[in-house]
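Student: Mind having a look at this structure? Questions to follow.
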Amino acid sequence: MARGPIASLFRVYASKSKVSRARFLLSNQNFHSFRPCNNWVLANHQFVPPFDVPDHRFSSSAVLIHSQLPANNSNFALFINGRLFSSSFQGRDDENGSSAELEENNNVYFVETTNVEGVNKNTVEDGVDDVNEDPFSNPITSVGEHESQDRGSNEIVGKNNVQFCDPVEIYNELRKAEKNDRLKRSEWEILQEIFSYFANSGWAANQALAIYIGMSFFPTAARKFRNFFFKKCSSQLSMYLVSLGPCDVAVRFLFPIFVEYCIEEYPDEIKRFRSMIESADLTKPHTWFPFARAMKRRIIYHCGPTNSGKTYNALQRFMEAKKGVYCSPLRLLAMEVFDKVNALGVYCSLHTGQEKKNVPFSNHVACTVEMVSSDELYDVAVIDEIQMMADPFRGYAWTRALLGLKADEIHLCGDPSVLNIVRKICSDTGDELIEHHYGRFKPLVVEAKTLLGDLRNVRSGDCVVAFSRREIFEVKLAIEKHTKHRCSVIYGALPPETRRQQANLFNDQDNEFDVLVASDAVGMGLNLNIRRVVFNSLSKYNGDKIVPVPASQVKQIAGRAGRRGSRYPDGLTTTLHSDDLSYLIECLKQPFEEVKKVGLFPFFEQVELFAGQLADVTFPQLLEKFGENCRLDGSYFLCRHDHIKKVAYMLEKVQGLSLEDRFNFCFAPVNIRDPKAMYHLLKFASSYSQKVPVGIAMGMPKGSAQNDSELLDLESRHQVLSVYLWLSNQFKGETFPYVKKAEAMASEIANLLGQSLIQARWKPGSRQAGKPRPQQQKGGCEKPSSLIRRYIERRKENDSPQECSEKVAV
Ligand SMILES: Nc1ncnc2c1ncn2[C@@H]1O[C@H](COP(=O)(O)OP(=O)(O)OP(=O)(O)O)[C@@H](O)[C@H]1O
Ligand SMILES: [Mg+2]
């Protein structure tokens, strides 16, 4: 087995007489995105088409074809005469990724891979020598030709030579044969096993994608191929396969014959699947925005840790501009910028999914990133928290904004994790990139003492961070019971208005609410007067199990302490339990991890085009199939859309919605774990489909909440109204006539929530009463902190011990 060095250049040496067809497929992602390579070049620099290399192009007995891969980490599959000759999926043997594990040199042809810079001369020359010396002297090359002349049409070659035959010839012989040769029962049984092994081979199913035989059609094609084979096979061919038995070698032998069979038998299927794959093409997303591409944009990346002035500086340019847009990761932050900018005398409107406040004469708008318009032309755009491009669910909104915004100047604010990928994107789009690097105004200091497991040690200005709603209320209750402090709370399910009211309560010195208890919802951009961030725990439920909170998130949250211009410009952070301290320090010390891929999601038009290729599929199935078949290139991933599919399944019951309506309904910001909100969304969709005015069908609560289930009820009601308002903005016209009423109800409920939180002194319940708490799910009742301890212990086993530093800059 010869192994090639690092690959960027491919050279194929082949005897002239033996290469009748060569096909080279390339992908820089996976087999889904394979495409024929168009830059095959002969030694004499003539281009060779990817299919059916014509004989006359081969000017000498040895043919040199080389092709430069477009990217270092490209994958490839090389077919010669229909046989899969080599593919990167056979194994990787170097760290540059595009390695070729070469098959045995059978002296007919072989592939060699070398680095473009510093081509390994020895290997190339050795290769040429091998080919020049050998191809015609090798007895194998002539066996197929001579022996097939001597035998009958159903006997291509002797058993020992079958493996060296051209699969195209084998296939042609099979096709011509009128019937099969008789075999013993035991041999048939082995053949059955071989074909069943073939049909179940993941390798073959994957390889078949390269010729556009889809995963779902592969089993049918494999079955038909087996029937065809059984009807026609010669004893020699069967004996050869029987000698191999059900194994990978047999699969690799059969595969190119299978390819020939499929190409001839299923041209329509292949064409259809090919069109489907092409319609799910998400490669080159920068080409989706031709107007933005026609502009010469300047991208200014404000790169730095938390509390380093990134947003502040970007907003200075935003306010100076004649026309500007600020794209926020959260409604609350959009509202904050809206207030701040208007207060400074720059008229600014507010656009979020739920509300549109158009300020007269304004040329500026603060919006949530999902709502930004790529039709408007701006002088300056700001995209805040750009590292969210890598968010598994929402990342696509940042990617779209960066690729599609029509602005002369675009300011990106974020940590360094996406800097490299932004550089790559800018080189694709042709935009100029300017980088501004920032350091934190004041270093964050870790308090080694911790709270020693006792919440009585909280002090004024502390923000205690907990990662579940239940934990938040437990902490609030404990602090208020055992100390003189009062706590305001911030968590994800609270409406932005309530969060703001709670933040103001905490920031304002003229009241008793001097401690904040919050979830990771405080982690982004908010300016709060926090002196010290105390982590109640450092593990959280990720929807599946309890895991340590990722370092990037720990940094982001801890960075809320000690903001410039606040009452506490020097930030402190610590943990409740001393067990967790070393994990906190480790997180703060960790450099930002470089992001390799950012999120994408198709526009409706792309999904519609894809739908046109499939008959009789439901919308959730369509989303499923899109996910399976879409092509992406190496810098992008398809955003997770489980929540969208969940809504899509629910809406299957609703008749009469167009594809576009379904698509839009599925993006409604509904909490899929809130049955009440889901029920109302279903009702809204039903009324909409019946073309009757969509009502709210929900009354107002009696007053503020007296216990946790009433508080949950207020949160749910607000969710329902938020969904209604969001839908009313999506579906213009008269369909959602009760916007004013919904706004008034939402604002009233946000107030009631605020009042309830001020009074709240009860034990928390659960939204899904009766369901086990995350800690109690499989894996046992583990204390979150012990998880961190185990994580640290594991790390210590791998790393050399480090001194715990007290002062850590983040
Ligand atoms: N040059 C400045 N003059 C006055 N105040 C400033 C200046 N730069 C930043 N600030 C203030 O410092 C605080 C932190 O700045 P900013 O919000 O821009 O940080 P950031 O780097 O965007 O942080 P994060 O990553 O948390 O969003 C803000 O209150 C901001 O108003
Ligand atoms: Mg910021």
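Every read-out reported here was derived from the displayed coordinates using simple, explicitly stated rules and does not represent laboratory data. Just so it is clear, the model here is predicted, and its values are computed rather than measured. Because the Cβ atoms are built from the backbone with ideal geometry, glycine has one as well, and the counts that use them run over all protein chains shown.
Student: If you look at just the Cα atoms of the stretch 607-759, how large are its Rg and its Dmax in Å?
Tutor: Using the Cα atoms of the stretch 607-759, the pair Rg, Dmax is 17.9, 57 Å.
Student: On to the next question. Nearest 20 debye, what's the magnitude of the dipole of the stretch 254-297 about its Cα centre given +1 on Lys and Arg Cβ and -1 on Asp and Glu Cβ?
Tutor: On the way: 7 positive and 7 negative charges, 154 e Å.
Using Cβ point charges on Lys, Arg, Asp and Glu, the stretch 254-297 gives about 740 debye.
Student: Can you find, among N307, F217, N227, the residue sitting farthest towards the positive end of the charge dipole of the stretch 205-314, where Lys and Arg contribute +1 and Asp and Glu -1 at Cβ?
Tutor: So the residue furthest toward the plus end is N307.
Student: So, with +1 on the Cβ of K and R and -1 on the Cβ of D and E, and no other charges, what is the size of the charge dipole of the stretch 290-437 about its Cα centre, to the nearest 20 debye?
Tutor: 200 debye
Student: Here is a further query. What do you get for trypsin sites (Lys or Arg not before Pro) in the stretch 232-339 restricted to DSSP loop and a cutoff of at most 14 other Cβ within 10 Å of the site's Cβ? Let's see the in-between values first.
Tutor: On the way: sites: K232, R252, K271, R272, R274, R293, K296, R297, R298, K310, R317, K322, K323, R331; in loops: K296, R297, K322, K323.
Answer by residue number: K296, K322.
Student: Moving on to the next point. Output wanted: per-residue J couplings in Hz (rounded whole) for the stretch 562-575, from phi through Karplus 6.51 cos²θ - 1.76 cosθ + 1.60, θ = phi - 60°, x for Gly and Pro.
Tutor: In residue order, the calculated couplings are x, 7, 4, x, 8, 5, 10, x, 9, x, 10, 8, 7, 10 Hz.
Student: Considering only Cα-Cα distances, which of the following residue pairs are longer than 23 Å: K296/K732; K449/K545; K702/K740; K356/K702; K691/K732; K646/K683? Could the numbers behind the result be given before it?
Tutor: Numbers: K296/K732 34 Å; K449/K545 30 Å; K702/K740 20 Å; K356/K702 29 Å; K691/K732 13 Å; K646/K683 16 Å.
Cα-Cα > 23 Å for K296/K732; K449/K545; K356/K702; rest within.
Student: Restrict the search to the stretch 606-710; then list the trypsin sites (Lys or Arg not before Pro) that DSSP places in a loop and that have at most 14 other Cβ atoms within 10 Å of their Cβ.
Tutor: Answer by residue number: K653, R673, K691, K702.
Student: Further, regarding this structure: Ranking E370, E586, E748 by Cβ neighbours within 10 Å, fewest first, what do you get? Please report the intermediate quantities before stating the final value.
Tutor: Values: E370 18, E586 21, E748 15.
Taking fewest neighbouring Cβ atoms as first place, the list is E748, E370, E586.
Student: Continuing with the same structure: Please get the size of the charge dipole for the stretch 607-759, origin at its Cα centre, with Cβ charges of +1 on Lys and Arg and -1 on Asp and Glu, quoted in debye to the nearest 20. Mind dumping the intermediate values first?
Tutor: Working: 16 positive and 17 negative charges, 49 e Å.
About 240 debye.
Student: May I pose another question? Give the value in nm², to one decimal: projected area of the alpha carbon convex hull of the stretch 376-420, averaged over all directions. Could the numbers behind the result be given before it?
Tutor: Numbers: hull surface 12.5 nm².
Mean orientational projected area (the stretch 376-420, Cα hull): 3.1 nm².
Student: So, one more: Given the stretch 167-282, report the % of alpha carbon pairs whose separation exceeds 17 Å. Don't skip to the end; give the middle numbers.
Tutor: On the way: 3575 of 6670 pairs.
Roughly 54 percent, rounded to a whole number.
Student: Based on the Cβ-Cβ distance of N363 and M700, what FRET efficiency does E = 1/(1 + (r/R0)^6) give at R0 = 35 Å, to the nearest 0.05? Before the final figure, lay out the partial values.
Tutor: Numbers: r = 38 Å, r/R0 = 1.09.
It comes to 0.40.
Student: With 10 angstrom as the radius, rank R531, R400 by how many other C-beta atoms surround their C-beta, starting from the fewest.
Tutor: Details: R531 19, R400 22.
Fewest-to-most Cβ neighbours within 10 Å comes out as R531, R400.
Student: Could you please rank V692, V168, placing first whichever residue has the fewest other Cβ atoms within 10 Å of its Cβ? Please report the intermediate quantities before stating the final value.
Tutor: Numbers: V692 10, V168 17.
Ascending number of Cβ neighbours within 10 Å: V692, V168.
Student: Could you derive backbone 3J(HN,Hα) for the stretch 482-498 from the dihedral phi with the Karplus parameters 6.51, -1.76 and 1.60 (θ = phi - 60°), listing whole Hz in sequence and x where the residue is Gly or Pro?
Tutor: 9, 9, 8, 6, 10, 10, 9, 10, 9, 8, x, 6, 7, x, x, 4, 5
Student: Amide H neighbours of I300 under 5 Å, counting only residues 5+ apart in sequence or on other chains, H built in-plane at 1.01 Å?
Tutor: So I300 has HN proximity to I410, H411, L412, I434.
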